[in-house]
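The values are calculated or read from the model by the stated rules, or taken from the named source; none is laboratory data. Since this is a predicted model, take the numbers as computed values, not measurements. Positions of Cβ are backbone-derived with ideal geometry, glycine not excepted, and every protein chain shown enters the neighbour counts. Just so you know, the surface numbers come from the protein's heavy atoms only, side chains and all, with ligands and any DNA or RNA stripped out. Shrake-Rupley method; radii C 1.70, N 1.55, O 1.52, S 1.80 Å.
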Amino acid sequence: MNNASLKYLLSRSALYGLLARCFHPLENGGWKTIVNLSKEVPKEWKSHVHDLLEKGPPSTDDYMRTFGTAGVCHDCETAFLNSLPTGGALADVAGFYQAFSFPLASKKKNPPDHIGTQLEFLSFMFAKEAKALFAGDKEARKTCLSAREKFVKDHMSTWMPIFADGVAERTQNDFYTRAAALLVEALKEEDAK
């Protein structure tokens, strides 16, 4: 087993887990979870994450003004499909979740294409790949990697940069603007691989 690869996979899982929680209301220990995950992100991301967290958590009101039902920013993939059928995208996302037994998909009140849910799935897939590496299961690791890359390409890279631009244009909340910018930078690394 390659310890450097294992550490990389787990730190990427922490990064996406942290980013996922940034796009949910920070209730019931959400901020504490973000702070704890910030200790596990890749070394090269620590200063960026520190900058994100330095002013403290946004309020639930900030979240609702930005992303809530009357918020200024859409936070679901299907809002960015430009008149393409949304049912197919939702079914495809749900299919990924089901195929990999993603445990959070059925417990969240957000739709499957919500940014936070998709980021949690990406975090989950990095952790699942790490588990396969630790177990020495090359086939499972290859399957996780392939599915993760396809999910990023088909469901994240297409709309999240537009989402981040919208957050920067429509909100005055520095936390969400920074989190969205970090997300885009993280996805660029995924796309480069």
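Just a few scattered comments:
- The stretch 25-43, residues that are farther than 16 Å from Arg178 by Cα, part of a helix (DSSP H, G or I) and modelled with pLDDT of 90 or more: Lys32, Thr33, Asn36, Leu37, Lys43
- Lys46 satisfies every condition listed in (1) under 17 Å from Thr117 (Cβ atoms); (2) open to solvent by 10 Å² or more (accessible area, probe 1.4 Å); (3) assigned to a helix (DSSP H, G or I) except (1).
- Residue count for the stretch 102-123, restricted to those that are modelled with pLDDT of 95 or more and either open to solvent by 50 Å² or more (accessible area, probe 1.4 Å) or small (Gly, Ala, Ser) (or both): 1.
- Meets criteria (at pLDDT below 95, in contact with a His (Cβ under 9 Å, 6 or more places away or on another chain), assigned to a loop (DSSP other than H, G, I, E, B) and not aromatic (Phe, Trp, Tyr)) for Asn82: no
- Restricting the stretch 131-170 to residues that are part of a loop (DSSP other than H, G, I, E, B) and within 18 Å of Gly116 (Cα to Cα), the residue that is least open to solvent (accessible area, probe 1.4 Å): Trp159
- Residue satisfying all of: in the stretch 49-63; open to solvent by 90 Å² or more (accessible area, probe 1.4 Å) and outside any loop (DSSP other than H, G, I, E, B); nearest to Gly166 (Cα to Cα) among these: Asp61
- Inspection of the stretch 71-90 identifies at least one residue that is farther than 30 Å from Leu6 by Cβ, open to solvent by 70 Å² or more (accessible area, probe 1.4 Å) and polar (S, T, N, Q).
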